[in-house]
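Everything below concerns the one structure shown next.
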Amino acid sequence: MSILEFSNLKYSYDGKQGVLKGISGQMELGKMYAILGPSGCGKTTLLSLLGGLDSPTNGNILFDGKDISQTGLADHRKNHVSFIFQAYNLIDYLTPMENVALTSKLPPLPILERLGLTKEEAKRNVLKLSGGQQQRVAIARALASEAPVILADEPTGNLDEDTAQDITEILKESAHKMNKCVVVVTHSSELAKQADVVFHLKRGQLQING
């Protein structure tokens, strides 16, 4: 059964040209989904709608069979989804351990170490870490959350090839071993090849492969 379902989703800015033109799809636990498409096609918009950061112009989004607009977008953001933003969105005056501790009751060090940070690095201010390390902290924060859905916006966009592959493996593991629903917006065809299902967005329409 799908954990996230969207039907006839439409979205337009200021009532003008539609970014999304009545798209439908569903997502399950235990799978990784990639959303591919050219710049400006609505990939990040779709991710924002699925995460309850914005409301569609038309259509419905269901989490576990319930409409998120009726159960409340704030409740959906707090309990159902965790985000990995392209800009990391870490609290910059805190350490990695403190950032992760904000989203989870679990001890933060084991998950940070699993993602390749040393004990030393986990105690540094996040601004003293490289971009790749900061991205790992952002992912650790999402994984430590109890939310069943991870929504990631270009999680490998700013990373070198080896680090990008490491991050892709971690996201796959989150889906296949931790039974989360992982949804990734990406320009990377390499990452998309490793997803269980690929959504192609083009001119506001959706094509599903998988």
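Computed from the coordinates by the stated procedures, all read-outs in this text should not be read as laboratory data. Everything numeric in this text was worked out from a predicted model, so none of it was measured. Cβ: placed from backbone, ideal geometry, glycine included. Neighbour counts: every protein chain shown.
Couple of notes before you dig in:
- On Cα atoms only, tilt of 161-176 relative to the major axis of the chain in degrees: 70
- Under the convention that each Lys and Arg Cβ holds +1 and each Asp and Glu Cβ holds -1, the size of the dipole of the chain around its Cα centre is about 320 debye.
- Of the Cα atoms belonging to the stretch 136-197, the radius of gyration and Dmax stand at 10.7, 29 Å.
- Lysine pairs with alpha-carbon atoms under 30 Å apart, the stretch 82-210, spacing 8 or more or separate chains: 21
- Normalising the average separation of contacting C-alpha pairs (under 8 angstrom, six or more residues apart) by the number of residues puts the relative contact order of the chain at 31 percent.
- Largest-first ellipsoid semi-axes for the chain, taking √(5λ) over the Cα gyration tensor eigenvalues, angstrom: 29, 18, 16
- Positive-pole candidate from Gly131, Leu47, Gly37, dipole of the stretch 13-148, charges at beta carbon: Gly131
- Each peptide in 28-35, 78-85 was scored by the mean count of other Cβ atoms within 10 Å over its residues; highest first, the order is 28-35, 78-85.
- Placing +1 on the Cβ of every Lys and Arg and -1 on the Cβ of every Asp and Glu, with no other charges, gives the stretch 117-175 a dipole of roughly 400 debye about its Cα centre.
- Taking 4 °C and 1.567 mPa s as conditions, the stretch 61-148 diffuses translationally at an estimated 95 µm²/s according to Stokes-Einstein applied to its Kirkwood radius (Cα pairs).
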